[in-house]
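Data first, discussion second: the structure below is written as structure tokens.
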Amino acid sequence: MTHISVTVDGTTYEDEVEPRLLLVHYLRDRLGLTGTPIGCDTSNCGACTVELDGTSVKSCTVLAVQADAGEITTVQGLARDGEWTALQRAFHERHALQCGYCTPGMIMAARDLLRDNPHPTSDEVRKGLEGNLCRCTGYQNIVRAVLAVAEGETAPAGQAASAREVTA
């Protein structure tokens, strides 16, 4: 067993883990953060994307011990006081999801893209989201949602459904 200390969504955790434990399994099984889905376990789909020290990573390709002393943000850590981020609202408002399985990874990858390129073109959004698969939407609404955030077109927080309303 190996001792790790990680900060996940603002909370620090100290744990003993098997050296071979994947970060996605640590988040889901040890911490109960099931908002990060296991899509393929081969890094092909991107559903398990999280931020590690400010960069998006597929958590099925990172060992929990590699995240030691790191700061991890999951999709569950984005909303503050039950209010979604602009990106979460845009995905909801622009119907950028159907089954929702890929949505956490898409949102996390889109955050990384927008941090690096705050005003991407449609082609740049598509390129930035490569490696994140959606089998339902055809990507058009996902691209529209990301572009809406880049262009400041999301509704004010008080006008969109809050995370509490959607999960209730």
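The values are calculated or read from the model by the stated rules, or taken from the named source; none is laboratory data. Keep in mind that what you see is a predicted model, and the values were worked out from it rather than measured. Quick reminder, even Gly has a Cβ in these numbers, built from the backbone with ideal geometry, and neighbours come from all protein chains shown. Heavy atoms of the whole protein, side chains included, go into the accessibility calculation; ligands, DNA and RNA do not. Shrake-Rupley method; radii C 1.70, N 1.55, O 1.52, S 1.80 Å.
See the values below:
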| read-out | value |
| --- | --- |
| Some residue of segment 138-149 being more than 19 Å from Cys45 (Cα to Cα), of a type in the set (D, E, K, R) and surrounded by fewer than 17 Cβ atoms within 10 Å (Cβ to Cβ) | no |
| Segment 85-114 - residue that is in contact (Cβ under 8 Å) with a residue 60 or more places away in the chain and open to solvent by 40 Å² or more (accessible area, probe 1.4 Å) and, of those, farthest from Thr154 (Cα to Cα) | Tyr101 |
| In segment 28-62, residue farthest from Leu129 (Cα to Cα) [restricted to those that are touching a residue at least 12 places away in the same chain (Cβ under 8 Å) and basic (Lys, Arg)] | Arg30 |
| Set Val50, Val62: member being at pLDDT 95 or above, of a type outside the set (Phe, Trp, Tyr), more than 14 Å from the chain's Cα centre (by Cα) and closer than 29 Å to Glu14 by Cα | Val62 |
| Residues within segment 67-93 that are of a type in the set (D, E, K, R) and closer than 11 Å to Asp9 by Cα, tallied | 2 |
| Identity of the residue in segment 1-47, modelled with pLDDT of 95 or more, farther than 14 Å from Gly77 by Cβ and of a type in the set (Asp, Glu), that ends up least open to solvent (accessible area, probe 1.4 Å) | Asp15 |
| Residue pairs meeting the criteria (Cβ under 8 Å; at least 6 apart or on separate chains; first touching a residue at least 12 places away in the same chain (Cβ under 8 Å), in segment 119-134; second aromatic (Phe, Trp, Tyr)) | Arg126/Tyr139; Leu129/Tyr139 |
| Of the criteria (1) in a loop (DSSP other than H, G, I, E, B); (2) touching a residue at least 60 places away in the same chain (Cβ under 8 Å), which one Gln76 fails | (1) |
| Wholly enclosed helices (runs of 4 or more DSSP H) of segment 91-168 bearing at least 3 residues at pLDDT 95 or above and within 25 Å of Gly54 (Cα to Cα) | 103-116, 122-128, 140-150 |
| Among (1) over 18 Å from His25 (Cβ atoms); (2) not polar (S, T, N, Q); (3) not in a helix (DSSP H, G or I), the one test that Cys60 misses | (1) |
| Hey, Gln66 open to solvent by 20 Å² or more (accessible area, probe 1.4 Å), in contact (Cβ under 8 Å) with a residue 24 or more places away in the chain and either among the polar types (S, T, N, Q) or within 26 Å of Arg28 (Cα to Cα) (or both) or not | yes |
| Scan of segment 69-84 for residues that are open to solvent by 40 Å² or more (accessible area, probe 1.4 Å) and within 10 Å of the chain's Cα centre (by Cα), ordered by number | Gln76 |
